[in-house]
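**Student:** Can you keep this structure in mind? I'll have questions shortly.
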Amino acid sequence: MQQIFQDNNHSAPAPIQRKSKLPSALTAVILVAIVFFGGYVRFTGQNWDDFSALHPDERFLTLNLLPLVGGAPEFTHDETGFPSQSVLVSLSSSDIFSRFDVQANPSARVGAINGTMGLEVAHWWLDDNRVVGYETQEVALAALNRGEIAALIIDDSIAKL
């Protein structure tokens, strides 16, 4: 015969006490703040790829996939607001083959025509002390020919003239 021993020293488990609702309310506020911050960061600027079409976002996908399925993008093309740029280099600058060569050379100065997108592009690429603005295309080309600047950045529309 087996004997059953009962332990009278243990009482029933204590009821679980609910924590205050403050932490769950705080968690909800923090999550909502994160969602709003994420939305702000996502929809402000809208220029993740600096208009190079290299960032795999919605704009990149529509630009590259719609033509494959017979569609066309319905938004403004980059050329309208951001015209293509040309980098002109003097024949005496035999060591410059691309914008990367200009960026890598700390003494290279770049010129652009004031009031054009080329000047903006030059400031994106280089420090302000390496960018020279010129009033006219003729003055800028003369500076390039004299060797005052290593390269001249101008809009393609001007370069074709």
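The values are calculated or read from the model by the stated rules, or taken from the named source; none is laboratory data. Just so we're clear, the structure is a prediction, and the values are computed from it rather than from any experiment. For accessibility, only protein heavy atoms count, side chains too; no ligands or nucleic acids. Shrake-Rupley method; radii C 1.70, N 1.55, O 1.52, S 1.80 Å.
**Student:** Of all residues in the range 115-155, count the ones that are within 24 Å of the chain's Cα centre (by Cα) and open to solvent by 40 Å² or more (accessible area, probe 1.4 Å).
**Tutor:** Of the residues in the range 115-155, 8 are within 24 Å of the chain's Cα centre (by Cα) and open to solvent by 40 Å² or more (accessible area, probe 1.4 Å).
**Student:** Could you run through the range 106-137 and say how many residues are part of a loop (DSSP other than H, G, I, E, B) and within 16 Å of residue 85 (Cα to Cα)?
**Tutor:** Of the residues in that region, 4 qualify.
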